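Student: Submitted below is the structure of interest, expressed as structure tokens.
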Amino acid sequence: MATPILKLRLRRYSSSIVSAIVLIALCLGQSTQVVASQNEVLQKVLPKTVKLYGAGGLKNLANYGTGLLISADGHILTVWNHLLDTDQIIAVLDNGRRLPAQFVSGAGEAGLAVLKVEVINAPHFDLAEVSRSGPGTPVLGFSNMFNVAAGDEPVSVIHGVIAMLTPLTARRGRFDIPYKGDVFIVDAVMNNPGAAGGALTTQDGKLLGIIGKELKDSRSNLWINYAIPLSDVRDTIEKLVRGEVITDDSIELPPVIRPIDTSGLGFRLVPDVVPRTPAYIDFVMPGSTAEAIGLQQDDLIVLINDDLIQSCREFYSQLRELRKGDALRMTVRRDRELVNVELIVPELN
Amino acid sequence: MAITWILQMHDSLNNSPTSSRIQCSPRVIRTVIVCCALFSAISFTQTLNAQIVLPKDVLEAEQARIAVIDKATPAVVAIFPPDGRGGGSGVLISPDGITLTNYHVVEGAGPFLKCGLSDGNVYDAVLMGIDPTGDVAIIRMLGRDDFPFAPLGDSDTVKVGDWAFAMGNPFLLADDFVPTLTFGMVSGIQRYQYPAGTFLEYTDCIQVDTSINPGNSGGPLFNVNGEVVGINGRISVEKRGRVNAGAGYAISINQIKNFSDHLQSGRVVDHATLGATVRTDEFSNVIVETVIPTCSAFFHGLRAGDEIVSFGGRPVGSVNQFKNVLGIYPKGWKIPLVYRRDGERYEIYPRLEPLHSIGELIEFASAPAPAEEPEDKPENIPPIPMLPHQKAPEIPEEYAHLCESRLGYANYYYNRIKQEELLATLKSLGDYGQSSQKWTLTGNLKDGGAYRLVLADFASLFELPGDGQVFLLDSGRPETFMAGPNSSGMLMSLRELQQFLISGPEIFSEIIYIGSEPLDGVGAKVDVLSTLHEDRQIRWYFDREAKQLVGWDTKFSEDRPECGVRIPGWKTGGPYAVPQELKILVAGQPEIILHVNDMQTESVDDPKL
């Protein structure tokens, strides 16, 4: 009677045993034979990876990132994030050369963008040779993580194994990610600040995917280590290189936090001079709703819609989430008292 | 899972044949079916077994790695402050207990520590020296002279993509002190880590994706051969909490080798600056922006506008690379620097200037206990894991003599021991008589001309009969100390040796064993003794093999270049040793070479020169 169960077990486990053995063999083999060729692989891949510097620099928004050279003429593939929200993007090649990069085009759903620098004969990834691998594949990640490679030095390399290919259910802040395709989930900490736009390659340097922006899993709320397979989006990238804007996609750019003109609300905050300027009300307009509901100069805003506000920037970023007609509940501290007020958000600039 | 399953399967195979008999009954049929099924299972097992056979070189690689780890393990140290709160890691590098760790592991712990090895034993250890800027400390484990130790590698050969493993005590997991091993890849080399709100600066460090966590601090990073290539001390953290996020940093072992003797001197060791600022121009050249006019590089000829070609033997193409080189050397070392001006290349060996003031270093030496809140730590140092219990620190009585506290020192004991050792080598040169002696040296200059040199308390004299030149230094008239052919301070420098040999170290108001440095930036490492005689700072150099004085540099004042004297060898056999040759250097360049044929000492009762 035990036999069918045995066979069942065989079927169930044989594939996993085989892949486990292959995996072990690969891991063990690495330490000796692969080392010599590995350095050669890295020397080939690193020059195809660039460091990008652009907008950001505020808390949790790095002003550095990564890109991949995908043409000899200097087209750079990267992810479309806040970094590109400026006219002055700088690409630093692996030999330290700093070049201004022009935005060519972007695709919202895949969250990809293409930039261009003026170079000739750039070492680059050939998109025609992008491969696709499944779970168990040892991989390398190349990125400007943490901007460690701050000088004229190549980016960082880390190693891992593809754990699975699966649809991405993730969010960034309050936004769900529109990307619906499968992504590579990797067992190494891959998606660090600045890593977005980096390369995921096989151990012999074949491009598999592009490291995505930092995202949390929608259900577990944990940070995900993933890369977007490029074999699925090759057409999209070709369009981007041609400068075609992909309009079908919903384009999501995380907000860059700038002061908002709050005069529509009837008050202004103190000038935002340091990263953590306390959100004091500097001026209440006479005759405004703000005055009517009792806001006063020197009130310190401590809560908006139950979210703690520790700086002017946090106030502006919260305000940006609200639309015309939304309720804005504020708690302000006045001397030693806490005062609650509520107003309706008007049209704001 | 797989292995368990295979074992279970073999059990049922063994049992089955005995329990089933071939009979013509439904039971027989059932048995036949079972047998067939079993047979197919067996044949499948065989194919499976065939796949399990791993290539020979894979097995060998595995065995080699196991052997390397087995060899490395006994040298890895779990370090605890005496109050038992928290802890870090370290690595033994000599059989007599010299152990490397991070400064932030021993900071505020006091001079004595407790160390656990993988043999399960706890040893006492005493602090030998600290480098707060480089985040390195050396402690000495006590009680054995046959400690297991790890060999040091060459971190300049580490390449991106190399495998590297870390050992230590992350999260203080090992109650039995058997270290935790993590394995990973070198992600970057020659990384520069900006000071994180403190003095602390990691230059030229090795970046790894090897998992480095709180408690790994101070532990070794090994290459695949089991050689120590770095000391793990920092990680990049951001939103994921203070644990490994794929970027750990190890201080390169070559930097620590430069500081090793300094760190065994009981001192608070300082890093260096060139005394010049540099910038990168639009062509990626590193250009000197300003040079302090009292620094060694200035006296050696470096000026604003010069282009730095290489530094410390490494080509320099960015300010980052320049800082990386600067960070790996202790203050006071002479480092080769190549610069270009108007198309001409110049190579100089300027002495590096101190990075910190004495006052700042004294503060480090008397650093208060680390704050309990890890938030007070610089952001990306893995915090020392804290344990809830707390014991009063105790000093082991049998070792109490191994620690002497003194202002500005981590542990003066080790400095005093080295001073005594070096002073003994001077004594062994012979008896140069009592005070008030006159020395007369005669011989030839390198180009053949004869000279006479007289050194005495009240006056000194340098005579070149061939040129008809005589120069007199009158000890009562300071304006004669540096003038004429003696403008380099040669006679003053030689007088320092005379007074040192005759009167001993008592003439100095301060005497410090510094550590070691390559003589004049190129030679073998020499031990360095620094002394203060009135306002003259003198560095004495001792050959480590021959245990002999081989030279000294005298700094007269801030605005003058140093005057150096080198003694390549001593003629022994008489009542006292006589220098074979006196080579006078000014700002590193040979000024004059005196071959010594004869040296007489007389009492100065006869004040005739």
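Student: Counting only residues that are under 27 Å from B:Asp559 (Cα atoms) and not aliphatic (A, V, I, L, M), give me the strands (runs of 3 or more DSSP E) lying completely in region B:215-315 with at least 1 of them.
Tutor: In region B:215-315, B:276-280, B:286-291, B:307-311 are the strands (runs of 3 or more DSSP E) which contain 1 or more residues that are under 27 Å from B:Asp559 (Cα atoms) and not aliphatic (A, V, I, L, M).
Student: Of all residues being part of a loop (DSSP other than H, G, I, E, B) and of a type in the set (Ser, Thr, Tyr) in region A:191-248, which is nearest to the other protein chains (Cβ to nearest Cβ)? Just the residue, please.
Tutor: Going through the qualifying residues, I end up with A:Ser220.
Student: Only residues that are closer than 23 Å to B:Tyr349 by Cα and free of Cβ contacts under 8 Å to residues at least 60 places away in the same chain: list them for region B:237-289, please.
Tutor: Initial filter on region B:237-289 (closer than 23 Å to B:Tyr349 by Cα): B:254-262, B:269-280, B:285-289.
Selection gives B:Ala276, B:Thr277, B:Val278, B:Arg279, B:Thr280, B:Asn285, B:Val286, B:Ile287, B:Val288, B:Glu289.
Student: Is it the case, given these coordinates, that A:Val79 is more than 11 Å from A:Gly197 (Cβ to Cβ), crowded, with 20+ Cβ neighbours inside 10 Å and of a type outside the set (D, E, K, R)?
Tutor: No, not satisfied.
Student: Also, quick follow-up: Would you say A:Leu69 is buried (at least 17 other Cβ atoms within 10 Å of the Cβ) and modelled with pLDDT of 95 or more? First the steps, then the outcome.
Tutor: Working: buried (at least 17 other Cβ atoms within 10 Å of the Cβ): yes; modelled with pLDDT of 95 or more: yes.
Yes, satisfied.
Student: Please go through region B:442-472 and pick out each residue that is touching a residue at least 60 places away in the same chain (Cβ under 8 Å) and of a type outside the set (A, V, I, L, M, F, W, C).
Tutor: Of everything in region B:442-472, those that are touching a residue at least 60 places away in the same chain (Cβ under 8 Å) and of a type outside the set (A, V, I, L, M, F, W, C) turn out to be B:Thr442, B:Gly443, B:Asn444, B:Lys446, B:Tyr451, B:Asp457.
Student: Let me ask you something else. Could you grab the pairs with beta carbons closer than 9 Å, sequence gap of 6+ or different chains, first residue in region A:37-57 and within 13 Å of A:Ile76 (Cβ to Cβ) and at the interface with another protein chain (Cβ under 10 Å from one of its Cβ atoms), second one assigned to a strand (DSSP E or B) and modelled with pLDDT under 95?
Tutor: Once the first residue is within 13 Å of A:Ile76 (Cβ to Cβ) and at the interface with another protein chain (Cβ under 10 Å from one of its Cβ atoms) and sits in region A:37-57, no partner that is assigned to a strand (DSSP E or B) and modelled with pLDDT under 95 comes close enough.
Student: In region A:303-336, which residues are among the β-branched types (Val, Ile, Thr) and within 29 Å of the chain's Cα centre (by Cα)?
Tutor: Answer for region A:303-336, where residues must be among the β-branched types (Val, Ile, Thr) and within 29 Å of the chain's Cα centre (by Cα): A:Ile304, A:Ile309.
Student: Do the conditions hold for A:Gly141, that is, is it within 14 Å of chain B (Cβ to nearest Cβ), surrounded by 18 or more Cβ atoms within 10 Å (Cβ to Cβ), not in a loop (DSSP other than H, G, I, E, B) and not acidic (Asp, Glu)?
Tutor: Working: within 14 Å of chain B (Cβ to nearest Cβ): yes; surrounded by 18 or more Cβ atoms within 10 Å (Cβ to Cβ): yes; not in a loop (DSSP other than H, G, I, E, B): yes; not acidic (Asp, Glu): yes.
So A:Gly141 passes the test.
Student: Among the listed residues A:Glu314, A:Glu337, identify the single one that is among the charged types (D, E, K, R) and exposed (fewer than 14 other Cβ atoms within 10 Å of the Cβ). Can you show your working first?
Tutor: Details: A:Glu314 fails: exposed (fewer than 14 other Cβ atoms within 10 Å of the Cβ).
Among A:Glu314, A:Glu337, only A:Glu337 is among the charged types (D, E, K, R) and exposed (fewer than 14 other Cβ atoms within 10 Å of the Cβ).
Student: Residues in region B:118-127: is at least one surrounded by fewer than 22 Cβ atoms within 10 Å (Cβ to Cβ), more than 14 Å from chain A (Cβ to nearest Cβ) and among the aromatic types (Phe, Trp, Tyr)?
Tutor: There is at least one residue in region B:118-127 that is surrounded by fewer than 22 Cβ atoms within 10 Å (Cβ to Cβ), more than 14 Å from chain A (Cβ to nearest Cβ) and among the aromatic types (Phe, Trp, Tyr).
Student: Determine which member of the set B:Leu181, B:Leu173 is over 30 Å from B:Leu355 (Cβ atoms), within 14 Å of another protein chain (Cβ to nearest Cβ) and surrounded by fewer than 19 Cβ atoms within 10 Å (Cβ to Cβ).
Tutor: B:Leu181
Student: To continue, here is another question. Given the options B:Arg27, B:Arg21, name the one that is in a helix (DSSP H, G or I), loosely packed, with under 15 Cβ neighbours inside 10 Å and at pLDDT below 95.
Tutor: Exactly one of B:Arg27, B:Arg21 is in a helix (DSSP H, G or I), loosely packed, with under 15 Cβ neighbours inside 10 Å and at pLDDT below 95, namely B:Arg27.
Student: Suppose the filter is more than 18 Å from the chain's Cα centre (by Cα), facing another protein chain (nearest Cβ under 9 Å) and part of a strand (DSSP E or B); does A:Gly160 pass it?
Tutor: So A:Gly160 fits the description; yes.
Student: Something else now. Among residues belonging to region B:146-164 that are within 14 Å of chain A (Cβ to nearest Cβ) and of a type in the set (A, V, I, L, M, F, W, C), point out the one that is nearest to B:Thr182 (Cα to Cα).
Tutor: Residue satisfying both the conditions and the ranking: B:Ala164.
The values are calculated or read from the model by the stated rules, or taken from the named source; none is laboratory data. Please read these numbers as outputs of a predicted model, since none were measured by experiment. As a convention, Cβ positions derive from the backbone with ideal geometry for all residues, glycine included, and neighbour counts pool all protein chains shown.
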